[in-house]
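The values are calculated or read from the model by the stated rules, or taken from the named source; none is laboratory data. In this text, all values refer to a predicted model and were calculated from it rather than measured experimentally. Note that each Cβ is placed from the backbone with ideal geometry, even for glycine, and that neighbours are counted across all protein chains shown.
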Amino acid sequence: MLKTTVLRCANVPLKRTFSTTFFRPNNLKAATPITTAVKGVEDDTRSIPPKSDILTKHDAVSTVPDVRGDWVLFHPVYSPEELKAIEVTFKSEGVSAFLITLEQVVHRDATTFADKLAATMVMIARRGFDLVSRYKHKPIPANHNMSLEELRKGGYVMDESQWLMRILFLESIAGVPGMVAATCRHLRSLRLMRRDAGWIHTLLEEAENERMHLMTFMTLKQPSIFFRAMILGAQGVFYNLFFFSYLISPKTCHRFVGYLEEEAVITYTRAIEEIEKGRLPEWADKPAPGIAKDYWRLPENATLLDVIYAVRSDETTHRFVNHSLANLTPENDVNPFALREPDMLTKGVKPGFSREESAQYVKESHAIMEGRV
Ligand SMILES: [Fe+2]
Ligand SMILES: [Fe+2]
């Protein structure tokens, strides 16, 4: 395994040209300089670490050495306009978190029995998750004159450590559904000897995107053994539950993920609000981790707040994609996002495409590819 990695590093330039299509601005030439720790590769703008470090570096994220670059699948790069395009009306004073969930972010109404089942499962998961992550967000009383310390003590505001616990747990679970769904569809394609209609790649991208969220926040905290054990248990249960559920009803599973992602958008919106209102001063001017700057092509002086805006945009994409996929017939329909994806100006303000809108979108994609527009 190690040998393969070394060979690849030695022989293949680290630029990934196959993903740099017209539609996908996934290009290392953009934004930040290309950096690599591998000898003999062109465009090395960074110093090469000592030989003993070249293969292994133990840190909070991984044992991968300090190689930066485009080793991931397609990943999003947002314009500043897109980052602010997500529709939310979010007031913490005097409004309970539960009401916010129902009324104040882009939400898809549950109409069928399967939708309602998915929404209920998410509500149960959310309550359980709140309990496990010790999430407290009591409405802040109007006209209060409590200090930040008092707000935290009173359970009105979370501190940095509580935020990280919540985010790390959320992201470690959020990376599961995309991989399970991709696995199921991959195996189905092999088994039936039929094409997949473009779903697998989008699902894998989602799984990796969630894992990158986890890796990003892992640079900020080293979880305890107890926390890791909790994730181990949760993963064991959730992976298997989702796998069997996906075999029974892929549509319901995508709807479930759509609702779960609505919750993720709420969580990150609240984090943004806390930072911007000065209730999470530890993150106010914190620089963005290097791994995040590479992944989202952020400028060198980007902050953690910029990263959280990008993460929220990703969650918005997952919400949109999964609600759209849940509106399709999974056995036969083409994934409308296999060729291109709408930008955040669309994904930020509506929960997903109906089946008819997906068909129209695929039609437009074909027209673009054939040069008719
Ligand atoms: Fe995430
Ligand atoms: Fe997500």
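Here the helices (runs of 4 or more DSSP H) wholly within the stretch 58-160 that include at least 1 residues being at pLDDT below 65 and either farther than 28 Å from M218 by Cα or not small (G, A, S) (or both) are 97-103. Scanning the stretch 324-354 for residues that are at pLDDT below 95 and in a helix (DSSP H, G or I) gives M344, L345, T346, K347.
So that you can scan it fast, the table gives a plain yes or no per residue for (1) within 13 Å of ligand 1 (Cβ to nearest atom); (2) at pLDDT below 95:
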{"position": "P223", "(1), (2)": "no, yes"}
{"position": "L241", "(1), (2)": "no, no"}
{"position": "I248", "(1), (2)": "no, no"}
{"position": "T252", "(1), (2)": "no, no"}
{"position": "F256", "(1), (2)": "no, no"}
{"position": "E263", "(1), (2)": "yes, yes"}
{"position": "Y268", "(1), (2)": "yes, yes"}
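The set of residues from the stretch 142-159 being surrounded by fewer than 20 Cβ atoms within 10 Å (Cβ to Cβ) and either within 20 Å of the chain's Cα centre (by Cα) or under 19 Å from F129 (Cβ atoms) (or both) comprises G155, D159.
Flag not set for E300, criterion: in the same structural domain as V122 (by TED's automatic domain parsing), within 15 Å of the chain's Cα centre (by Cα) and of a type in the set (D, E).
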